[in-house]
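Quick notes on the structure that follows.
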Amino acid sequence: MDTKLLEALKQELKGIFGSVYEYGGGYGYRYQHGVRVMIYCQKIAQFPRFKNEKINLEALLTAALFHDIGKIVAVDKDGLLVYGDYGDKSHEIGGSEIAPKYLKKYISDQKLIDLICLIIKEQDRNVANTRIESSIIKDADRLDHQGVTHIWCSVTYANYQKKNVEAFEEFWKSDEGQVKFESSLNRYNFPEVAQIARKRLAKLKEFTQLMFSEQVGEDIVVDDQ
Ligand SMILES: [Fe+2]
Ligand SMILES: [Fe+2]
């Protein structure tokens, strides 16, 4: 894909979400998430399993960047992204309708825009998946929630909820925490990505465990000779 076009699309996304904040991630998180998902897709598309697959790279990378564009309707007057406030449709379906407004500034090929919008729409779990690009973005999106970056989101979210490390430990040990993260490992489309997710989750578990053990000074060993 043309690097100048990709850079221009990144800047467009930055203009849209750069100063938007959200509880789980802070300022500009939606922009950074879009860029990360795009970078992951760039790499995943090079896996040997896709060698004979016709992946439309422009569509893949642009849809990856803009896959959460539908969340823009949930941004309030203070720039806060209010989770779930997407009106009567999912943010994926809404996003597929909004995206052309931004993409038209950079892409003149209507067929390509239609394809990008289809891929964004297919991120909705209730929409049938017809494109390999949709499956790749789904895995990349899931992967972005599976590693130590999750700590950053938990910290910003705890600040909003006025909670502390103890509350994070409670969350992590509840059914919504570690257990849920582990069960989502079965939802990947491609085993290579699931394998990376497994490694990321192991690091996340190690990190959280270290943090919890420091709370009670587990690493301070008293030598009583
Ligand atoms: Fe999404
Ligand atoms: Fe996402």
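Some values worked out for this structure:
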item	result
Sum of -39500 (n - 2.57) over DSSP H runs of 4+, divided by residues of the chain (222 nm, nearest 500)	-18500 deg cm²/dmol
28 Å Cα-Cα threshold exceeded, pairs from Lys10/Lys205; Lys138/Lys162; Lys54/Lys89; Lys121/Lys163; Lys10/Lys111; Lys54/Lys111	Lys10/Lys205; Lys138/Lys162; Lys54/Lys89; Lys121/Lys163
Unit charges on C-beta of K, R, D, E only; dipole of segment 3-127, Debye	480
Residue list for segment 135-165, given a label point 7 angstrom along the Cα-to-Cβ vector of Ser183 and an amide N cut-off under 20 Å	139, 142-147
Model label zone, Gln110; criterion: amide N under 20 Å from point 7 Å along Cα-to-beta-carbon; scope segment 28-72	59
Shape of segment 1-61, Cα gyration tensor, a/c cut at 1.5	oblate
Segment 134-225: trypsin sites (Lys or Arg not before Pro) in DSSP coil with no more than 10 other Cβ atoms inside 10 Å	Lys162
Whether the chain is rounded, prolate or oblate, judged on the alpha carbon gyration tensor where a/c under 1.5 counts as rounded	prolate
Packing-based order for 98-104, 217-223, using average beta carbon neighbours within 10 Å, highest first	98-104, 217-223
Top of Tyr157, Tyr23, Tyr83 by mean-square fluctuation, Gaussian network on the chain, Cα under 10 Å	Tyr83
Protection-proxy order for peptides 84-92, 117-125, each taking the mean of Cβ atoms within 10 Å per residue, highest first	117-125, 84-92
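Where a number appears in this text, it was derived from the coordinates with a stated rule and is not lab data. Everything numeric here is computed off the predicted structure, so don't read it as measured data. All Cβ positions, even for glycine, are placed from backbone atoms using ideal geometry, and neighbour counts span all protein chains on display.
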